[in-house]
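The next block holds one structure in the form of structure tokens; read it before the comments.
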Amino acid sequence: MDVVVAGSHGLIGSALVSDLVARGHGVRRLVRRGSESSGSAEAAAGPPGVRHVPWDPRTGELDQAALEGADAVVNLAGAGIGDHRWTPAYKQKLLGSRTTTTSLLARTIARLDGPPVLVNASAIGAYGDRGDEVLTEASERGDDFLAGLVKAWENATAPATAAGARVVWLRSGIVLAPSGGALGRLLPLLRLGVGGPLGNGRQWWSWITLTDEVAAIRHVIGADVRGPVNAVAPEPTTNRDLTRALAQALHRPAALTVPRFALRIALGEFAGDLVASQRVVPAVLNRTGFTWTHTAPEEAARWVAGR
């Protein structure tokens, strides 16, 4: 299998590239012109099984040949949701970094004969804050900022769909990993024994480990699925229970509660996403026979803790 990966140097992208190479697949990493990874002949060649291909979404630069012959294009590009406060300027960056890259890839795929499958990153933020409602891929969209962001992100794949390509919107939940990702700020506090539930802790957190996230991407490349696919574990849990599981795996207490107002002061509007409740289940992955490595929060927490 030959896979083109955009956003390949982030948490998920790096893990995906390593996994594909270890399984003997070819990988083409799309790297922005002027970046360190595209600045030398050695980088352009990449490690065995990996080729670096320059592109520039800001100027619309992407050689069609970069995608020709590929079995799949996996687009993970986009500015980090929790990297900065959601100022008007950063909200625009969140939107533009997703729609610009996605649109360029979709338009390029549309010009290919026998287009590859496009697996486009997305998020369960599509559903908004829904309390205890069980959410599947057939559930209605939400109406907050993240839901609107996801809608624009997914809509940017339209040229590829119109050209007959199979397009998957991988709506990922909270990706758990030993470092970085959604737990990048929480884990250090838990390791010090000063972390705890966010808000009242009763909000549903639909999660997936990095191991299963990568496996889900491989799965949808090969499975006959299209449209939204919820990349979450089969057992959503509350923020309180997930936090306690992580703390227990780290042999630390989790008695401190971070109140909603403190989150709002520290993080601004992004705090609302952390206390939003999304009880999402992976109906499509279940229906198509996906097998998880981590199904329960306790085993996921032990993996995150390295136990």
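The values are calculated or read from the model by the stated rules, or taken from the named source; none is laboratory data. The structure presented is a predicted model; accordingly, all values stated were derived computationally and were not measured. Ideal geometry is used to build each Cβ from the backbone, glycine not excepted, and the neighbour counts take in all protein chains shown. All accessible areas refer to the heavy atoms of the entire protein, side chains included, with ligands and DNA or RNA removed. Shrake-Rupley method; radii C 1.70, N 1.55, O 1.52, S 1.80 Å.
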Checklist line | Some residue of region 218-235 being more than 15 Å from the chain's Cα centre (by Cα) and more than 25 Å from residue 71 (Cβ to Cβ) | finding: yes
Notebook entry, point to check: Among the residues of region 74-88, is there at least one that is without any contact (Cβ under 8 Å) to a residue 40 or more places away in the chain, open to solvent by 70 Å² or more (accessible area, probe 1.4 Å), in a helix (DSSP H, G or I) and within 28 Å of residue 284 (Cα to Cα)?
Noted result: no
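Considering only region 120-138, state which residues are crowded, with 20+ Cβ neighbours inside 10 Å and among the polar types (S, T, N, Q). Before the answer, list the steps.
Within region 120-138, the subset crowded, with 20+ Cβ neighbours inside 10 Å is 120-128, 135, 137.
Of everything in region 120-138, those that are crowded, with 20+ Cβ neighbours inside 10 Å and among the polar types (S, T, N, Q) turn out to be 120, 122.
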Item checked: Positions within region 139-173 being outside any loop (DSSP other than H, G, I, E, B), buried (at least 21 other Cβ atoms within 10 Å of the Cβ) and free of Cβ contacts under 8 Å to residues at least 40 places away in the same chain, in sequence order -> 150
Next item on the list: Please state which of the following conditions residue 245 fails to meet, knowing it meets all the rest: (1) among the small types (Gly, Ala, Ser); (2) at pLDDT 90 or above; (3) surrounded by 15 or more Cβ atoms within 10 Å (Cβ to Cβ); (4) closer than 25 Å to residue 76 by Cβ.
Entry: (4)
Margin query: Looking only at residues that are among the small types (Gly, Ala, Ser) and more than 13 Å from residue 6 (Cβ to Cβ) in region 98-119, which one is least open to solvent (accessible area, probe 1.4 Å)?
Written below: 110
Checklist line | residue 208, sole failed condition from (1) modelled with pLDDT under 95; (2) hydrophobic (A, V, I, L, M, F, W, C); (3) over 18 Å from residue 129 (Cα atoms) | finding: (1)
Check: Among the residues of region 271-307, which ones are more than 23 Å from residue 203 (Cβ to Cβ) and either assigned to a loop (DSSP other than H, G, I, E, B) or open to solvent by less than 50 Å² (accessible area, probe 1.4 Å) (or both)?
Finding: 284, 288, 289, 290, 291, 293, 306, 307
Check: Does residue 69 meet the test of being in a loop (DSSP other than H, G, I, E, B) and under 16 Å from residue 152 (Cα atoms)?
Finding: no
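Does residue 26 count as farther than 21 Å from residue 122 by Cα and at pLDDT 95 or above? Show your work before the answer.
Values: farther than 21 Å from residue 122 by Cα: yes; at pLDDT 95 or above: yes.
Considered against the rule, which asks whether it is farther than 21 Å from residue 122 by Cα and at pLDDT 95 or above, residue 26 comes out as yes.
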Check: Which of the residues spanning region 107-134 are under 18 Å from the mean Cα position of the chain (by Cα) and hydrophobic (A, V, I, L, M, F, W, C)?
Finding: 117, 118, 119, 121, 123, 124, 126
